[in-house]
1. Considering the stretch 53-67 alone, what residues qualify as being of a type in the set (Asp, Glu) and loosely packed, with under 15 Cβ neighbours inside 10 Å?
2. Please identify the pairs in which a residue from the stretch 6-18 that is more than 21 Å from GLU110 (Cβ to Cβ) and in contact (Cβ under 8 Å) with a residue 24 or more places away in the chain has its Cβ atom under 6 Å from the Cβ atom of a residue that is open to solvent by 40 Å² or more (accessible area, probe 1.4 Å) and part of a strand (DSSP E or B), counting only partners at least 6 apart or on another chain.
3. Which of the residues that make up the stretch 148-162 are assigned to a helix (DSSP H, G or I) and either in contact with a Pro (Cβ under 9 Å, 6 or more places away or on another chain) or surrounded by 16 or more Cβ atoms within 10 Å (Cβ to Cβ) (or both)?
4. Can you tell me which residues in the stretch 91-112 are hydrophobic (A, V, I, L, M, F, W, C) and open to solvent by less than 50 Å² (accessible area, probe 1.4 Å)?
5. Scan the stretch 26-52 for residues that are open to solvent by 50 Å² or more (accessible area, probe 1.4 Å) and within 22 Å of LEU164 (Cβ to Cβ) and jot them down.
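The values are calculated or read from the model by the stated rules, or taken from the named source; none is laboratory data. Values in this document were obtained by computation on a predicted structure and should not be read as measured data. Please note: Cβ atoms are built from the backbone with ideal geometry, for glycine as well, and neighbour counts cover all protein chains shown. What goes into the accessible areas is simple: the full protein's heavy atoms, side chains included, and nothing from ligands, DNA or RNA. Shrake-Rupley method; radii C 1.70, N 1.55, O 1.52, S 1.80 Å.
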Amino acid sequence: MDRVEVSTVVYLPPEDVYEFLLEFREYASYSEYLRSVSQFGDGGAGTEYALRFEWWKLHYTARSEVTEIEPPRRIEWRLRKDLDASGRWLIEPLETADGSAETEVTFVAEYAPGSAADGIVDLPRFVSLGWVIERIKPKIREEAGRIVRRVVTDLEGEERDVELRIETGKSDGRR
């Protein structure tokens, strides 16, 4: 499985960060390619989302599900069809010398590019799914960074220079 992980620090307590991420309210405005999000459930485990993506000449609606929550530390999710993919938001309190609230927020996505189901998208003639997957891989990294930056802006109420730690590679299968 391929993996992308993006981490940064938010200047709020973990409980505030967790509640914000659990609500999933503005994700469509965070991504260049995500057009809409429809929620089916209260945000907790079992909640499903329909995520409408558009890129190039392709249109696709992914169905994801929140599989597990551990307030205020973790939100797990997985895609329900077409592609083997899962991920999580990790929320960790940080100790500071002055006692201020700081939280490390990490977004992790793991996916198996070769698991894409045939017919997942209607491809133009002479375009292979393999070609599309190779073009999408760098965009996944860019989008993950963009999403985390925008989450920080919404959480803190103003835009600032956000230092991101971005790691990509193969998943080791551990959580």
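1. So in the stretch 53-67, the residues of a type in the set (Asp, Glu) come out as 54, 65.
Result: GLU54, single match.
2. Close Cβ pairs (under 6 Å, with a partner that is open to solvent by 40 Å² or more (accessible area, probe 1.4 Å) and part of a strand (DSSP E or B)) amount to VAL9/GLU102; VAL9/GLU104; TYR11/GLU102; PRO14/PRO93.
3. Start the filter on the stretch 148-162 by keeping residues that are assigned to a helix (DSSP H, G or I), which leaves 148-156.
Answer for the stretch 148-162, where residues must be assigned to a helix (DSSP H, G or I) and either in contact with a Pro (Cβ under 9 Å, 6 or more places away or on another chain) or surrounded by 16 or more Cβ atoms within 10 Å (Cβ to Cβ) (or both): VAL148, ARG149, ARG150, VAL151, VAL152, LEU155.
4. Taking the stretch 91-112 as the starting set, the residues that turn out to be hydrophobic (A, V, I, L, M, F, W, C) are 91, 94, 97, 101, 105, 107-109, 112.
Within the stretch 91-112, ILE91, ALA101, VAL105, PHE107, VAL108, ALA109, ALA112 qualify.
5. GLU26, SER29, GLU32
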